1. So in region 273-301, with the set limited to residues that are more than 16 Å from the chain's Cα centre (by Cα) and hydroxyl-bearing (Ser, Thr, Tyr), which one is surrounded by the most Cβ atoms within 10 Å (Cβ to Cβ)?
2. Name the single residue, out of those in region 145-163 being outside any strand (DSSP E or B) and surrounded by 20 or more Cβ atoms within 10 Å (Cβ to Cβ), that is farthest from the chain's Cα centre (by Cα).
3. Could you pull out every one of the helices (runs of 4 or more DSSP H) wholly within region 191-303 that has 1 or more residues that are of a type in the set (Phe, Trp, Tyr)?
4. Determine the pairs where a residue that is free of Cβ contacts under 8 Å to residues at least 60 places away in the same chain, located within region 234-252, has a partner that is among the small types (Gly, Ala, Ser) with Cβ atoms under 8 Å apart, the partner being 6 or more residues away or on another chain.
5. Can you tell me which residue among LEU114, LEU180, LEU94 is touching a His at 6+ places or on another chain (Cβ under 8 Å) and either farther than 22 Å from MET220 by Cα or modelled with pLDDT of 95 or more (or both)?
6. Just need a number here: residues in region 174-190 that are surrounded by 15 or more Cβ atoms within 10 Å (Cβ to Cβ) and not in a helix (DSSP H, G or I).
7. Evaluate region 103-123: report whether one residue or more is among the β-branched types (Val, Ile, Thr) and assigned to a strand (DSSP E or B).
Amino acid sequence: MRSPLRRRSRSALLATAAFVLSAGCAAGAGSPTLATGTNLPVVPSLHDALPRAIQDAGVLRFAGDSHPPYRTVAPDGTVTGIDADLQAALGQVLGVRTRISVVSGLPAALEGMLAGRYDAFDGPVKATAEREKQFDTITWMTTRTAYVFPAGSTAGIARPEDLCGKRVAVVTASVVAEQLTALSRSCTENKRPATQAVGLDDTDGTLLALGSGRADAAGMTEAAAIDVTHRQGAYKYVTQTDAQGATKDNLALYVPKASKLGPVLQNAFEELFRNGTYVGIMARWGLTQVSVPAPVFNAATRG
């Protein structure tokens, strides 16, 4: 039988509104530098609303795959990106540390949460009615799907329809994989060859496939495409259109419904919107164009 977690005093927790960020294990505590350049005060009502197990442990456990610009994993395991900023901010207003474990793709994150190994997955993952049967979702950004290709590519890609018949690397089970299916259907409806999906575990894997010649393009969110092309001038991208089945998707943080953590994190996100932290983080990463005016709880099934 698992031994009870040692209960920390509420005063001690509220006195240490620091966070810990590491790949799978806690690192030294410290005050993170957010996009706003400030350290956020704990909101006692949010801390008190946390599930007792998280209050006792004093840590909120996130799963995260390698997915720049959301999560960039350094060789030493350090994780940077939008996720790091958001988790730091959430930990501060909740009065707990945060910890991220790097996992291999979306299925591992979802299964790990249901098994109790992680408390949340920041995604961003499309909010769907099917998944909201088991998870609460908090939409914090939107996106369209884009396809990155080498600037010097000889594959003849200049427009999204040029992807017909091409090998496109995508993260398995992701919203991008779903969008590629719609694009492929558009290709065949217009008497063009279907796209060929190359399924991989994470965004880094799709770029490696592109670089090694196993794929002609790499599908990803538009936010990720913006980041890749800005950081690495050797790439260009095209964006899937409405006529090709594209949709503007709600991308969300996921939390198991059974944990009762979802409403608390929704309120914590609302605090980040109120105090300007969310706007600062999105601006820092150049993603204002895909930001939302307010976080949305269970967007796929709300009345």
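The values are calculated or read from the model by the stated rules, or taken from the named source; none is laboratory data. All figures in this text were calculated on a predicted structure; none of them were measured in a lab. Virtual Cβ from ideal backbone geometry, glycine too; neighbours counted across all protein chains shown.
1. For region 273-301, the residue satisfying everything is THR277.
2. The qualifying residue farthest from the chain's Cα centre (by Cα) is ILE157.
3. 262-274, 277-284
4. These pairs meet every condition: ALA243/SER186.
5. Going through LEU114, LEU180, LEU94 in turn, the sole match is LEU94.
6. Final tally of qualifying residues: 1.
7. no
So that you can scan it fast, the table gives a plain yes or no per residue for (1) in the same structural domain as CYS164 (by TED's automatic domain parsing); (2) under 26 Å from GLY112 (Cβ atoms):
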{"position": "THR203", "(1), (2)": "yes, yes"}
{"position": "LEU208", "(1), (2)": "yes, yes"}
{"position": "SER212", "(1), (2)": "yes, no"}
{"position": "ILE226", "(1), (2)": "yes, no"}
{"position": "TYR235", "(1), (2)": "yes, no"}
{"position": "PHE273", "(1), (2)": "no, no"}
{"position": "VAL279", "(1), (2)": "no, no"}
{"position": "GLY286", "(1), (2)": "no, no"}
